[in-house]
Amino acid sequence: GVSLESEFERVYPYKHLAGQLLGFVNIDDKGLEGLEKSFDDKLAGRKVTQLVERDAAGRRMMTREAGDISELRGQDVRLSIDLQVQFFAEEALAESVSKFGAKWGGCIVVDVPSGDILAWAQYPFFDPNNVAGTAVAERRNRLAMDMLEQGSTIKSFLIAAALEEKVVSPSTEINCEKGVWKLRNIILHDTHSYTNLSVAKILHVSSNIGAAKIGLKLGAAKYRDYLSRLGFGERTGLPLSGEAKGILRTTKKWSDIDLANASFGQSFSATLAQMAGAYLCIANGGEKRALRLVIDDREQNEAQPAEQFVEQQGGQPGAAPAVTAEAPPTQLAAGLAFASTGTAAAGGERIFSAGTAKQVRSMMRDVVEEDGGTGKEARIAGMDVGGKTGTAQKASRTGGYGKGRVGSFVGIVPAEDPRYLILVLLDEPTTVQYGGVIAAPVFKHVALNTLAYQGQLPDTDDPQVREAMRKAEERKARADGKGRKPARATTAGTPEPARNGASPAGKPFNGQAGAQTAAATPARNAPPTERAVARRSGQPSPVVPSVVGLGMRNAVEVFAAEGIVPVIKGKGGFVVRQTPEPGMPWPDGGRECILWLEESAS
């Protein structure tokens with residue numbers, strides 16, 4: 001006998017964007033890593049076996065007991081990831097990791113008022129469509145799984161704790177021993193020969209000796225308690241498969257030397273995700289706030305009133321009386337509609353007073369804006385930026401520390417009333433190792449383009465600000481259908497907007513404050529009747545426009561703006577043919593829209 005059987009395949013149209021975060025599935029659609037694994041039970045369709053009756057033609061006779069097969073369909077999962085901000089982060093990481101010969105790089109962008117994670121970027125990239133062709137290390141979600149000593153970016157928490165406990169004030173002076181200080185049997189060094197420095201200046205110039213002396217004043221018990229309350233030594237609570245807890249030993253195991261080292265970010269380890277949660281507390285006025293990666297069902301329904309279609313499986317002549325009904329798994333981060341975020345989230349435990357948090361943010365501002373600060377590469381004309389640099393030694397497998405270093409930068413913008421928190425880390429750079437040199441420029445690129453994208457940059461004559469605003473306007477024009485030049489691909493596989501202003505998905509620019517939430521990946525290449533259709537607000541185009549010559553991401557966005565997810569056929573980055581033809585009316589829900597791809601648009 002000959003029969004037809006429906007099968008489903010997981011497809012990631014945006015390729016490597018947020019690849020390590022999303023993870024991947026096996027041939028049976030079982031989530032193996034990333035969010036695919038974390039939400040496998042929610043995403044997967046269910047099976048039931050029922051006894052049913054058929055008529056003489058073989059058609060199944062539905063009974064009240066049989067129920068509705070549509071109830072077996074899995075649920076969608078919608079992320080807070082902003083597609084455009086994710087692109088900015090991946091673009092900047094690819095450039096910096098390559099330039100400085102780093103092992104890998106990571107970047108997390110957080111919307112401070114809501115705690116929403118807007119970007120979760122990692123380089124080298126991982127394309128979930130090509131699992132077999134990648135190494136295990138490339139698939140690893142390092143931002144949640146790699147525990148590293150974070151170095152001087154920890155000093156902000158030390159000083160906040162010391163201020164909160166009134167051990168020191170911002171003006172308290174510490175003798176920094178001209179850059180060399182012996183503590184028992186070890187010698188601590190600073191990069192410069194400092195004598196007496198105020199607490200504020202210690203953060204400004206990132207003095208290890210000054211930080212160690214503040215830590216000894218504070219004491220191990222109090223310092224560790226603050227670190228623990230900030231989330232170190234515990235998982236973040238995000239739905240991340242395989243997330244590490246980090247290492248934060250009990251106070252009993254801390255000697256004076258351990259306390260001194262911990263004061264400038266050594267002798268305990270943390271993930272970049274934990275760092276994001278801890279810095280969000282300072283950015284949020286000292287009140288702990290949970291990071292959010294997944295939008296809950298209520299908000300998802302309000303933000304994306306999608307029409308759900310489920311095909312009812314009819315019986316076939318000659319089929320056995322026992323029928324197995326199987327609904328397809330649904331979409332991970334499935335929404336090409338855009339939902340507003342940025343509303344203030346519910347508060348949590350207060351760790352620092354609002355005054356302490358403000359004092360630390362002011363010190364972080366001086367790190368970037370004042371002469372002599374280590375974060376000057378993060379400056380943005382017309383904006384007050386706060387930040388902290390870090391350069392940490394890496395522990396050796398044989399004990400002690402090896403030659404490897406970790407360079408990092410944590411920044412907030414605006415400094416006094418933060419809207420965005422951006423963390424950048426580069427592991428084992430080979431040319432330059434200082435976080436202020438290798439990581440701060442990544443922050444600047446992401447912050448500059450995100451602010452321009454949201455219409456929040458001041459009008460200045462600075463050429464970098466002008467260029468960011470020009471690109472934002474070009475993205476807006478492209479989203480409105482005015483631009484038709486295809487995006488080019490760099491050797492890293494990232495669309496290159498610098499030449500034509502194209503974004504990877506042509507996401508709309510709203511010109512207002514407030515993050516725009518977009519999903520990273522519409523996931524199933526299922527029939528149209530089983531797709532979630534998301535409609536975006538705005539006036540629909542009367543006819544189908546031409547997307548021939550556009551990059552795949554931009555073309556998909558044109559259709560997504562009309563609430564249609566097109567079927568992708570062929571391989572490559574550019575559209576060479578489309579159905580329906582340009583100028584035809586938009587199809588109804590029962591007809592497919594197909595885009596054929598090739599490697600070249602010519």
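Some notes on this structure:
- Per residue, the Cα convex hull of segment 225-271 amounts to 73 Å³.
- Segment 83-219 - Rg over Rh from alpha carbon coordinates, Kirkwood radius: 1.10
- Shape summary: segment 186-232 maps onto an equivalent ellipsoid whose semi-axes, from the alpha-carbon gyration tensor, are 23, 12, 10 Å in decreasing order.
- The Rg/Rh ratio for segment 547-602 is 0.94, where Rg is the radius of gyration of the alpha carbons and Rh is the Kirkwood radius.
- The value obtained for segment 1-58, namely the Cα convex hull volume divided by the number of residues, is 144 Å³ per residue.
- Relative contact order of segment 80-235, pairs being alpha-carbon contacts under 8 Å that are 6 or more residues apart, as %: 16
- Once the convex hull of all Cα atoms in segment 156-286 is built, its volume per residue stands at 107 Å³.
- Dipole moment magnitude, nearest 20 debye, segment 150-192 about Cα centre, only Lys, Arg, Asp, Glu C-beta charged: 180
- Per principal axis, descending, Cα span of segment 374-456 in whole Å: 50, 22, 19
- Dipole magnitude of segment 87-235 about its Cα centre (Cβ charges: Lys, Arg +1; Asp, Glu -1), debye to nearest 20: 760
We did not get these values from a lab; they are worked out from the coordinates using the rules stated. Here the structure is a predicted model, which means the values were calculated and not measured. Cβ atoms come from the backbone with ideal geometry, glycine included; neighbour counts cover every protein chain shown.
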